[in-house]
């Protein structure tokens, strides 16, 4: 029968609002019985959870309240009696108490409490855990306690406060916690977030004090009513979240309407409801409103946290509603409160910015620091080139000319000559000066590997080229890559040719064929083109080797495009700096022919040549460049397991707001495709990379780093390994792509909305492991800077990384494959659902699949009830053709796509996965040992003892309520308990061991209440139950 599930889970079942409600009932009872003051109505309910979890903090708060009260008494009451000062009362007195509480917290938190903690640790060896509790909580709780002492005096005030606090504690501790589903497990973490000391919340205190002062003046001058100056002050804190203000006033107006209807009934019509009774009625209505709203949010919007739909504060909406009801002026009181809150916020921010402006700051050294940073830029040349490549793609996609205006071409050529000379002599002082002069021409200069100088335009829209000067170059020769976008492999080939030939210059163009007037553009617009002949002072006589892929369209009759050899094409004569023997010795067999290839680029200088490379053999050049210039992005190795790695990333990214939208430009998608995604699919997914072979991933690490991605090798204890491609920064919206190193069995999983559709990530990850799927594609549907959610399944969001990976996977597949996308659906009907998973499939756009995916048979064996989307009202909108990813099926080779829609029952089992860290923190509070295991391969020696019925009841009670007192009783009752974390499923288990350290009971702690039938099963079948996330306890039947 117990515990009774009276409160909505994940809202009032673990909220301070419930204890505040109980505390308010107690305070109002003593007010109506003994006439005690109603001041500090929220204090008992606010302090009781702290009294249970951190009693030392309650003592600190009470001492601070007494100190704040005594300080105001000494400042006003005592001097007033001897005629030295005037008396304060009403709002002025309360405002003085607020200021006094702030000064008290400053003194305690910054000086007295740290000193006390140090003294306790040195004198009495008090554990550090106790010392960490020596701080107070909240913004106004100290002021409310001090105000409660004012009318009755300190002695009587302490008696009334202590009595109400003690009775509230008894009701919560011995009634709510053991007999209902109310729990303090998550309340503890709410307090942890609010516990930031006064030094960590200066803006909040400035807004609070400023608005309270304005509210006090507005009440005295214009008679504006707020039901206390703290109401507009607290609302002012929410102007950074205006939605909370709207919810607070909606709740207040709803309470006014409900109260009028209630008081008009025959039962209340002739009753006198004033003072504490009126507060009690309104607060009960408010609690009932939140109670019903919690169930409504859980039913219609399960992805939304129910408490996010509540108004701000514990009783703010109630007090607003009472004043609106008393004055019968809803609009007038709303306007006055909002206006005061807005003015307070505005003035407080102006004061804050003013203080920042007058604050003395250290003199920055901008120019010098910038020069040093530029001169000592870390990283390799190859890394810098990868970072520049996305800009080249953007320049190639722009229409018309994309040259950079450098002014006088002669002056720029002279500057390049000086820069080249200083680089060759390693003259740091001259280089530092020349770095600044580069900005005059619209360029930025960097030195890499203490050898190379890299010049590139400063503005993104002009980055159509990169110029590299080699200090160790011995020949007056320039290597030119004219089509870095159309032929990306030639960039590494040109870099290797620069080193092999001893050339001093390397010019890389986005697309040199787009120059409309080569002669004029070389002389005036593009400094790199000036190197090709527009400036006779420096490069007129220097030859050029232009590196390109050999093609039949070049019109060279002597060249065989299909031959596996490179071709050196000489126009009229060959300059002495170009040695064909050196090129052949380094890069393989070379043919020498005469002619002028039709490449669409400006003509070369006399003595120059085209090096037409073989596409099949150019990868060898890339490998040499990567080894020579230290491949920039090293492969990161992680041995914590795939579930641990991905879940931690998901939890961390969920708390970070992205800085940029995840929508990609066309040229960005082209760069992703050519440089990263296509080589990834052809090399790792459908290639032959084996476990431990990192060469294939190293080839992708550089391009991945160029677009802000990273390659991580995640290893499992059982020997399995995975390549994970993911964004380096959590502030970047992008997808995560997982590749199984040993290959897969044909299935490929997709989770497009892991944040907006809770449970899909956990289900998809579990099925990826169980099916041994080849890949797992995870989207990123966080809201961008503009607040728009990037849902990759919608047509308007088609240009994103998720859809690019999806399309390239289908395009590059060498055999038919099955794509499985995991989604969630909103429940539309009441009653017990008859289906756990809805599914639909297609192999051709607009047509439905005739059979079933192999995954469905596996799910049936696991006990899931499946239903096909068949046009019924409850499945309307779930058809697969509504997904954007299904539109690309016609471009694939016999691929099929399936979508699984999880119902609430299945989703809840996996939604609890991110709460594993909270469970771990609960265990840490009671010093319960924790272990991380892979339960799929764990083979413990089970205990021969049967667990006692009392032990089973306590474990089940904690499994349902997360009651820390129950956990403490288990720990102190002679049982050896541990917290086990499963690497594979990220589930948490409470394990009970006997005196011989053998497990005799395991209980799943990851599920919501009452999802599955509770009972015992054989310990020999526990691996299957771990995978299915059952709530049944594992062990021997008692």
Q: Return only the number of the condition from (1) under 31 Å from the mean Cα position of the chain (by Cα); (2) touching a residue at least 24 places away in the same chain (Cβ under 8 Å) that residue 280 does not satisfy.
A: (1)
Q) Can you tell me how many residues in the range 433-470 are in contact with a strand residue (DSSP E or B) (Cβ under 7 Å, 6 or more places away or on another chain) and in a loop (DSSP other than H, G, I, E, B)? A) 5
Q. Considering 50, 99, which residue is surrounded by 15 or more Cβ atoms within 10 Å (Cβ to Cβ) and more than 30 Å from residue 170 (Cβ to Cβ)?
A. 99
Q: Kindly provide the set of residues from the range 818-835 that are at pLDDT below 85 and in contact with a strand residue (DSSP E or B) (Cβ under 7 Å, 6 or more places away or on another chain), ordered by number.
A: 825, 835
Q: Among the candidates 670, 676, 604, 592, single out the residue that is at pLDDT 85 or above, touching a strand residue (DSSP E or B) at 6+ places or on another chain (Cβ under 6 Å) and either at negative phi or not in a loop (DSSP other than H, G, I, E, B) (or both).
A: 592
Q: Give the residues of the range 241-253 that are under 18 Å from residue 294 (Cα atoms) and either free of Cβ contacts under 8 Å to residues at least 60 places away in the same chain or not assigned by TED's automatic domain parsing to the domain that holds residue 273 (or both), sorted by residue number.
A: 243, 246
**Q.** Within the range 5-108, helices (runs of 4 or more DSSP H) holding 1 or more residues that are outside the structural domain of residue 276 (by TED's automatic domain parsing) and on the phi > 0 side of the Ramachandran plot
**A.** 90-107
Q: Can you tell me which residue within the range 762-795, out of those that are within 15 Å of the chain's Cα centre (by Cα) and modelled with pLDDT of 90 or more, is surrounded by the most Cβ atoms within 10 Å (Cβ to Cβ)?
A: 779
Q) When the range 478-503 is examined, which residues are found to be in a strand (DSSP E or B) and at pLDDT below 85? A) none
Q: Sort out for me the helices (runs of 4 or more DSSP H) sitting completely within the range 310-397 that have 1 or more residues that are at pLDDT 90 or above.
A: 316-327, 330-358
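Test residue 585 against the stated conditions and say whether it is assigned to a helix (DSSP H, G or I) and over 21 Å from residue 487 (Cα atoms).
yes
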(Q) Condition first: assigned by TED's automatic domain parsing to the domain that holds residue 751 and modelled with pLDDT under 75. Can you find one or more residues in the range 877-888 that meet it? (A) yes
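The values are calculated or read from the model by the stated rules, or taken from the named source; none is laboratory data. Because the structure is a prediction, the values reported are computed rather than measured. Glycine also receives a Cβ, built like all others from the backbone with ideal geometry; neighbour counts cover every protein chain displayed.
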